[in-house]
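Participant: Starting off with a structure, shown below.
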Amino acid sequence: MYGVTVHFADLPGTLRGKYEATSNRIYLRRNLSNAQRISALAHELVHAQRNDHGPQSPEVEAHVNELAARLIITAQAFAEAETANGSDPLDLANALDVTPGIITSWQDHEVRCH
């Protein structure tokens, strides 16, 4: 579906991932935790799906984060984690093995759309 290749690299600053549209490659920072790797990969896959080129606006990045959250967390999994752990993003992130940012993106989408 995506046709991208994923590579691990030393990325600048605090960057966890990067999609390069010209080469159709995703680069992920070496030594990420599992939650960081899953979350960054989902985020970059959304950029690949959208065929984004270069840096994006904060609004686009927020939308990409929401789509990434939907890509890796089902409504059922979120509901079960919330029942077992409450609604704190850190607790939910630990339960679902994603970053807290993915959780807040999921929650923001729910608030806006329901």
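The values are calculated or read from the model by the stated rules, or taken from the named source; none is laboratory data. Small disclaimer: the values here were computed from a predicted structure and weren't measured. All Cβ positions, glycine included, derive from the backbone under ideal geometry; neighbour counts span all protein chains shown.
Participant: When both residues are 6+ apart or on different chains and their Cβ atoms are under 9 Å apart, which pairs have a first residue that lies in the range 30-55 and is farther than 19 Å from residue 90 by Cβ, and a second that is among the aromatic types (Phe, Trp, Tyr) and surrounded by fewer than 16 Cβ atoms within 10 Å (Cβ to Cβ)?
Facilitator: Taking only residues 6 or more apart or on different chains, the pairs are 30/8; 31/8; 45/2; 48/2; 49/2.
Participant: Between a first residue in the range 1-13 that is polar (S, T, N, Q) and a second residue that is at pLDDT 95 or above, which pairs have beta carbons less than 6 Å apart while being 6 or more apart in sequence or on different chains?
Facilitator: As it stands, the answer is 5/25, since those pairs meet every condition given.
Participant: Give the residue, chosen from 62, 40, 69, that is closer than 14 Å to residue 105 by Cβ and in contact with a strand residue (DSSP E or B) (Cβ under 8 Å, 6 or more places away or on another chain).
Facilitator: Answer to the check: 40.
Participant: How many residues are farther than 24 Å from residue 3 by Cβ and in contact with a helix residue (DSSP H, G or I) (Cβ under 9 Å, 6 or more places away or on another chain) if we restrict to the range 50-73?
Facilitator: The qualifying residues number 1.
Participant: Any residue at all in the range 36-52 that's closer than 12 Å to residue 98 by Cβ and part of a loop (DSSP other than H, G, I, E, B)?
Facilitator: No; the residues of the range 36-52 include none that is closer than 12 Å to residue 98 by Cβ and part of a loop (DSSP other than H, G, I, E, B).
Participant: Which condition from (1) more than 22 Å from residue 97 (Cα to Cα); (2) surrounded by 10 or more Cβ atoms within 10 Å (Cβ to Cβ); (3) of a type outside the set (S, T, N, Q) is the one that residue 55 breaks?
Facilitator: Among (1) more than 22 Å from residue 97 (Cα to Cα); (2) surrounded by 10 or more Cβ atoms within 10 Å (Cβ to Cβ); (3) of a type outside the set (S, T, N, Q), residue 55 violates only (2).
Participant: Could you check, for the range 77-92, whether at least one of its residues is under 15 Å from the mean Cα position of the chain (by Cα), farther than 17 Å from residue 108 by Cβ and at pLDDT 95 or above?
Facilitator: no
Participant: Of the conditions (1) out of contact with any helix residue (DSSP H, G or I) (no Cβ under 8 Å at 6 or more places or on another chain); (2) β-branched (Val, Ile, Thr); (3) assigned to a loop (DSSP other than H, G, I, E, B), residue 98 fails just one. Which one is it?
Facilitator: Condition not satisfied by residue 98: (1).
Participant: Considering only residues that are modelled with pLDDT of 95 or more and among the small types (Gly, Ala, Ser), look in the range 24-58 and name the one that is farthest from the chain's Cα centre (by Cα).
Facilitator: Among those that are modelled with pLDDT of 95 or more and among the small types (Gly, Ala, Ser), it is 57.
Participant: Quick one: which residue in 70, 50, 16 is in contact with a Phe, Trp or Tyr (Cβ under 8 Å, 6 or more places away or on another chain), basic (Lys, Arg) and surrounded by 10 or more Cβ atoms within 10 Å (Cβ to Cβ)?
Facilitator: Answer to the check: 70.
Participant: Right, another one. Can you tell me which of (1) in a helix (DSSP H, G or I); (2) modelled with pLDDT of 95 or more is the one residue 110 doesn't meet?
Facilitator: Going through the list (1) in a helix (DSSP H, G or I); (2) modelled with pLDDT of 95 or more, residue 110 breaks only (2).
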